[in-house]
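Enquirer: Take a look at this one; I'll ask things after.
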Amino acid sequence: MGNKKIDEVINTALREEIISILKYDDEVDANSIDSAMESFQSEYIQLRDKFPEEATTWEATINGEVTYENDTILTIRLDYYLFTGGAHGYSSVRFLNFNKEKGKELGNEELFSDIEAFEGLAESKFRIKEKIPNSESINSTGFMFENDVFYLPENIGFTKEGLQLFYEQYEVASYADGPIVLTIPLVEIQKYLIPFRS
């Protein structure tokens with residue numbers, strides 16, 4: 001709420017993410033949350049009319065919360081759940097990071113002063129958490145990193161506990177494993193982060 005540039009940037013980013021989550025058919029040109037909701041409902045109604053004996057009610061739930069804020073950075077986490085039939089629904093998380101001073105959304109690469117060095121630290125922390133020996137490949141215990149090489153997830157966001165790396169279901173492990181989450185305390189990574197450099 002407000003008239004600052006950052007307010008518009010945040011609201012635009014949230015609107016785009018919610019539309020992306022709700023838009024069931026990529027052929028539909030949804031440019032508002034209302035039109036994305038209508039698209040979601042329309043697809044359900046078409047399916048229900050075509051297969052009335054099989055159709056179950058669809059569901060979409062999206063919740064947002066500010067997980068971190070200081071003078072420079074604001075992070076919003078969107079938790080969402082979708083059920084569009086089948087054996088189970090799909091739940092996930094999206095982090096949105098903003099530079100309040102510059103009035104812009106930050107891509108993951110813009111969070112780091114040295115992303116390669118951070119990735120090395122993250123792999124070390126990941127191996128410790130998941131009990132993967134340094135002498136073994138990253139996939140030796142059942143993970144599914146492409147080309148057997150560690151990489152950062154698409155979802156990275158600041159929280160009160162630290163910088164959270166959130167690997168979606170299927171991103172590096174099976175659906176049964178659920179999301180894989182690694183949180184690294186900020187005090188351990190300040191030298192790698194652009195917003196926290198002195």
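Enquirer: Residues of region 154-198 with the amide nitrogen closer than 15 Å to a label point 7 Å from the Cα of His88, along Cα-to-Cβ, please.
Expert: It comes to 168-180, nothing else.
Enquirer: Hand me the tally of lysine pairs in region 58-198: alpha carbons under 20 angstrom apart, and the pair either on different chains or 8 or more positions apart.
Expert: 5
Enquirer: What's the magnitude of the charge dipole for the chain around its Cα centre, counting Lys and Arg as +1 and Asp and Glu as -1 at the beta-carbon? Answer in Debye, nearest 20.
Expert: 800 debye
Enquirer: Could you tell me how many degrees, from 0 to 90 and to the nearest 10, lie between the Cα long axis of helix 5-22 and the main elongation axis, the longest principal axis, of the Cα atoms of the chain?
Expert: Between the helix axis and the principal axis of the chain, the angle is about 60 degrees.
Enquirer: Oh, and also: How far is helix 33-50 tilted, in degrees, relative to the longest principal axis of the Cα atoms in the chain, given as a value from 0 to 90 rounded to the nearest 10?
Expert: 50 degrees
Enquirer: Output the relative contact order of region 69-198, whole-number percent, from Cα pairs under 8 angstrom with separation of 6+ residues. Display every interim value, and only then the final one.
Expert: Numbers: 192 pairs, mean separation 28.8, N = 130.
Result for region 69-198 is 22 percent.
Enquirer: Further question: Grab the DSSP H runs of the chain that are 4 residues or longer, score each as -39,500 (n - 2.57), total them, divide by all residues and round the 222 nm result to the nearest 500 deg cm²/dmol.
Expert: Roughly -9000 deg cm²/dmol at 222 nm, from the helical runs in the chain.
Enquirer: Moving to a separate point now. Answer rounded, prolate or oblate for the chain, using the Cα gyration tensor with square roots of eigenvalues a ≥ b ≥ c: rounded when a/c is under 1.5, else prolate when a/b is larger than b/c, else oblate.
Expert: oblate
Enquirer: Show me the ranking of peptides 166-173, 107-114 by mean Cβ neighbours inside 10 Å, starting with the highest.
Expert: 166-173, 107-114
Enquirer: Full-extension gain between Glu146 and Ile62, please, as 0.36 nm times their residue separation minus the C-alpha to C-alpha distance. Could you put the intermediate results ahead of the total?
Expert: Working: separation 84, 0.36 × 84 = 30.24 nm, distance 2.96 nm.
Computed gain between Glu146 and Ile62 is 27.3 nm.
Enquirer: Now for a separate question. Report the label-to-label distance for Asn139 and Thr159 in nanometres (one decimal), using points 7 Å from each Cα along the Cα→Cβ vector.
Expert: 2.8 nm
Enquirer: Follow-up question, since we're still on this one. What does the C-alpha gyration tensor say about the overall shape of region 79-192? Classify as rounded when a/c is under 1.5, otherwise prolate if a/b is larger than b/c, or oblate.
Expert: It is oblate, given that a/c is not under 1.5 and a/b is not larger than b/c.
Enquirer: If the chain between Arg127 and Asp177 were fully stretched, how many nm would it gain, using 0.36 nm times the residue separation less the Cα-Cα distance?
Expert: Result for the pair: 16.4 nm of gain on full extension.
Enquirer: Give the accessible surface of the chain per residue, rounded to a whole number of Å², with probe radius 1.4 Å and ligands, DNA and RNA excluded. Can you show the working numbers first?
Expert: Working: 11530 Å² over 198 residues.
On a per-residue basis, 58 Å².
Enquirer: Still on this structure: Considering only protein heavy atoms and a 1.4 Å probe, what is the carbon-and-sulfur percentage of the accessible area of region 66-156?
Expert: Carbon and sulfur: 46 percent of the exposed surface of region 66-156.
Enquirer: According to the square roots a ≥ b ≥ c of the eigenvalues of the Cα gyration tensor, what is the shape class of region 46-126, taking rounded for a/c under 1.5, prolate for a/b larger than b/c otherwise, and oblate for the remainder?
Expert: Values: a/c = 3.68, a/b = 2.17, b/c = 1.70.
Verdict is prolate for region 46-126.
Enquirer: To continue, here is another question. Taking the chain as the reference, fit the longest principal axis to its C-alpha atoms, fit the long axis of helix 115-130 to the helix C-alpha atoms, and give the angle between the two in degrees, 0 to 90, nearest 10.
Expert: Value to nearest ten degrees: 80.
The values are calculated or read from the model by the stated rules, or taken from the named source; none is laboratory data. Source: prediction; values computed, not measured. No Cβ is skipped: glycine too gets one built from the backbone with ideal geometry, and neighbour counts run over all protein chains shown. Just so you know, the surface numbers come from the protein's heavy atoms only, side chains and all, with ligands and any DNA or RNA stripped out. Shrake-Rupley method; radii C 1.70, N 1.55, O 1.52, S 1.80 Å.
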